[in-house]
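The values are calculated or read from the model by the stated rules, or taken from the named source; none is laboratory data. Predicted model only: the values in this text are computed from it and were never measured. For neighbour counting, all protein chains shown are included, and Cβ atoms are generated from backbone atoms with ideal geometry for every residue, glycine included. Surface accessibility is based on the protein's heavy atoms, side chains included, excluding ligands, DNA and RNA. Shrake-Rupley method; radii C 1.70, N 1.55, O 1.52, S 1.80 Å.
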Amino acid sequence: DLKKRLRAVSDDQNFLSANGTDRFLVFSGFVTSVISQGVRLECTLKRNVAKVNIRIVNSSSDVTVNSWQLRSVPSVSYYFTNFELPEIWPAVGDFTVIDYPLQSAAKVSPGNEASFLSYLPINKWGVVDAVANEEYKNDYAPEGSTYLQINAESGGEPLTYRFYLGGNMTTDFNILPNVSYTYTFEIKSK
């Protein structure tokens, strides 16, 4: 029953619970033991969501990054994730995908960069061995996989870049709980 308990997600602020002015992430854990007098129970707690650090580097001479957005994010986050997850999780049909709010506070002009931190619920879509290199990851992305969309322009022409997230930039499309992902996306040219 605990594995099914969840809350709705519309952005990464939904993961933060409030206790007065303090805000914190939900952690979970479990221990199997006989409870008896004098026995101390110790439990390792794990973050129920993934931490994502993203850096966008604009090393181009003619592209301006206007905004970015995390897209195809599950609309649910589970309170308990400290168990062996099935091959695909959440189960197809148990959620819809949403897009986090568009981030457009400041443009990233040529020669500059921007960084941001976000939290994502589990979005486990597996590993696709057919992806030979980074150039083909978008072609093999399972429907529902989470990605970063970067909106830019060059010479008045709109540009859109899409980067699927996961354990690597080729075959892995999993966003797992209690994992910190760090990505640097470099825009070198149009």
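For the residues Ile54, Ile88, the requirement of being out of contact with any Leu (no Cβ under 7 Å at 6 or more places or on another chain) and of a type outside the set (Gly, Ala, Ser) singles out Ile88. Residues of region 104-126 that are of a type outside the set (Asp, Glu) and over 21 Å from Gly166 (Cα atoms): Ser104, Ala105, Ala106, Lys107, Val108, Ser109, Pro110, Gly111, Asn112.
Look at Ser17 and say whether it is in contact (Cβ under 8 Å) with a residue 24 or more places away in the chain, out of contact with any Cys (no Cβ under 6 Å at 6 or more places or on another chain) and either open to solvent by less than 80 Å² (accessible area, probe 1.4 Å) or of a type outside the set (Asp, Glu) (or both). No.
Taking every residue in region 117-144 that is within 12 Å of Ile175 (Cβ to Cβ) and pairing it with any residue that is open to solvent by 40 Å² or more (accessible area, probe 1.4 Å) and of a type outside the set (Phe, Trp, Tyr), at least 6 positions away or on another chain, the pairs with Cβ-Cβ distances below 7 Å are Tyr119/Lys51; Ile122/Leu176; Lys124/Ile88; Lys124/Leu176; Trp125/Ile88; Gly126/Glu87; Gly126/Ile88; Gly144/Val97.
Taken over region 95-126, the criterion of being within 15 Å of Val179 (Cβ to Cβ) and surrounded by fewer than 14 Cβ atoms within 10 Å (Cβ to Cβ) is satisfied by Leu117 alone. So, in region 62-83, of the ones that are aromatic (Phe, Trp, Tyr) and closer than 29 Å to Leu45 by Cα, which residue ends up surrounded by the fewest Cβ atoms within 10 Å (Cβ to Cβ)? The selected residue is Phe83. Listed by first and then second residue, the pairs with beta-carbon distance under 6 Å, at least 6 apart or on different chains, first residue in region 28-50 and touching a residue at least 60 places away in the same chain (Cβ under 8 Å), second open to solvent by 60 Å² or more (accessible area, probe 1.4 Å) and among the aromatic types (Phe, Trp, Tyr), are Arg47/Phe27. Report yes if some residue within region 90-112 is at negative phi and out of contact with any strand residue (DSSP E or B) (no Cβ under 9 Å at 6 or more places or on another chain); otherwise report no. Yes: one or more hits.
Only residues that are more than 17 Å from Gly166 (Cβ to Cβ) and open to solvent by less than 30 Å² (accessible area, probe 1.4 Å) were counted in region 52-61, giving 4. For region 81-104, a residue qualifies if it is among the charged types (D, E, K, R) and within 20 Å of Tyr147 (Cα to Cα), and the qualifying residues are Glu87, Asp94, Asp99. Taking region 152-170 as the range and being farther than 22 Å from Ser60 by Cα and surrounded by fewer than 18 Cβ atoms within 10 Å (Cβ to Cβ) as the test, the residues that pass are Gly167, Asn168.
Search region 1-14 for residues being more than 21 Å from Ser180 (Cβ to Cβ) and of a type in the set (A, V, I, L, M, F, W, C), and hand back the single one that is surrounded by the most Cβ atoms within 10 Å (Cβ to Cβ). This residue is Leu6.
To keep it simple, each residue is scored yes or no on (1) of a type in the set (Lys, Arg); (2) open to solvent by less than 70 Å² (accessible area, probe 1.4 Å); (3) closer than 30 Å to Asn112 by Cβ.
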residue: Gly29; (1), (2), (3): no, yes, no
residue: Ile35; (1), (2), (3): no, no, no
residue: Ala50; (1), (2), (3): no, yes, yes
residue: Leu85; (1), (2), (3): no, yes, no
